[in-house]
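The values are calculated or read from the model by the stated rules, or taken from the named source; none is laboratory data. Predicted model, so just to flag it, every value in this text is computed and none were measured. Here Cβ is always computed from backbone atoms with ideal geometry, including for glycine, and neighbour counts include all displayed protein chains.
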Amino acid sequence: MQKEIIVIIGGPGTGKTTIIDGLVAKGHCCYPEISREVTLEAKKQGIEQLFLEKPLLFSELLLEGRKKQFQNACKEPHEVVFIDRGIPDVLAYMHYIGDSYPASFDIACREHTYSKIFILPPWEEIYVSDHERYENFEQAKLIYNHLTETYKSYGYSLIEVPKDTLDNRILFILDEISK
């Protein structure tokens, strides 16, 4: 079987991390979202919201981290690796804020391709803001639209995960992978 690198995407507060944690608990190989660690590292250097203050720098750091995750996933002994957010997320967020970015961002999306993309729709009932998640629910819906457009522009078919219990969402994803 060929290695499958599967990405779980969605706007803020849609349950990505919860699903990744649930997959880890079931013994699956998963890579966490890295934007929080980039944000926390910047805070240590006195930058409160790196994405808001220096979006291009934040995005470059994310892009490098996500490329590294992809390369590490390729070396995993596991046949299936799940990643919380992929490289095209970086471009979707840049589109969302209306910023330009270097051609290397586009090249990274074309050079690192994923097996399947699962997208989590906006879900107001579970949406919560916190110190790293500054977007409101309306902004989360706009980000979802940018994610959808960006991934489709790279030729991905998106598999929407239904709003359901954690166990049922995980079962849905695992069933889709086995098809």
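Couple of notes before you dig in:
- Test: residue in the stretch 60-76 that is within 21 Å of Trp123 (Cα to Cα) and either modelled with pLDDT of 95 or more or in contact with an Asp or Glu (Cβ under 6 Å, 6 or more places away or on another chain) (or both): no
- Some residue of the stretch 76-87 being touching a Gly at 6+ places or on another chain (Cβ under 6 Å) and part of a helix (DSSP H, G or I): no
- Filter result for Ile126 (under 22 Å from Ile6 (Cβ atoms), of a type in the set (A, V, I, L, M) and touching an Asp or Glu at 6+ places or on another chain (Cβ under 7 Å)): no
- When residues of the stretch 143-179 are limited to those that are aromatic (Phe, Trp, Tyr), assigned to a helix (DSSP H, G or I) and touching a residue at least 24 places away in the same chain (Cβ under 8 Å), the one nearest to Ile5 (Cα to Cα): Tyr151
- The stretch 12-34 - residue that is modelled with pLDDT of 90 or more and in a loop (DSSP other than H, G, I, E, B) and, of those, surrounded by the fewest Cβ atoms within 10 Å (Cβ to Cβ): Gly27
- Filtered residues of the stretch 62-105 (kept if of a type in the set (D, E, K, R) and surrounded by 15 or more Cβ atoms within 10 Å (Cβ to Cβ)): Arg66, Lys67, Asp84, Arg85, Asp89
- Unmet criterion (only one of (1) in a helix (DSSP H, G or I); (2) of a type in the set (Ser, Thr, Tyr); (3) within 25 Å of Leu174 (Cα to Cα)) for Ser104: (3)
- Only one of the listed residues (Lys141, Lys179, Lys152) is charged (D, E, K, R), within 18 Å of the chain's Cα centre (by Cα) and over 28 Å from Glu41 (Cα atoms). That residue is Lys152.
- Condition check for Ala42: surrounded by 21 or more Cβ atoms within 10 Å (Cβ to Cβ), part of a helix (DSSP H, G or I), over 14 Å from the mean Cα position of the chain (by Cα) and not charged (D, E, K, R): no
- Tabulated pairs, the stretch 63-88, first under 12 Å from Ser35 (Cα atoms), second assigned to a helix (DSSP H, G or I) and of a type in the set (Ser, Thr, Tyr), C-beta under 7 angstrom, 6+ apart or interchain: Asp84/Thr17
- Candidates Ala140, Ala73, Ala92, filtered to the one that is assigned to a helix (DSSP H, G or I), at negative phi and touching a Gly at 6+ places or on another chain (Cβ under 6 Å): Ala140
Yes or no, residue by residue, for (1) farther than 17 Å from Thr14 by Cβ; (2) in contact with a helix residue (DSSP H, G or I) (Cβ under 7 Å, 6 or more places away or on another chain):
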{"position": "Pro102", "(1), (2)": "yes, no"}
{"position": "Ser115", "(1), (2)": "yes, no"}
{"position": "Gln139", "(1), (2)": "no, no"}
{"position": "Tyr144", "(1), (2)": "no, no"}
{"position": "Thr150", "(1), (2)": "no, yes"}
{"position": "Tyr154", "(1), (2)": "yes, yes"}
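- Of all the criteria given as (1) surrounded by fewer than 21 Cβ atoms within 10 Å (Cβ to Cβ); (2) more than 30 Å from Leu171 (Cβ to Cβ), the one not satisfied by Leu50 is (1).
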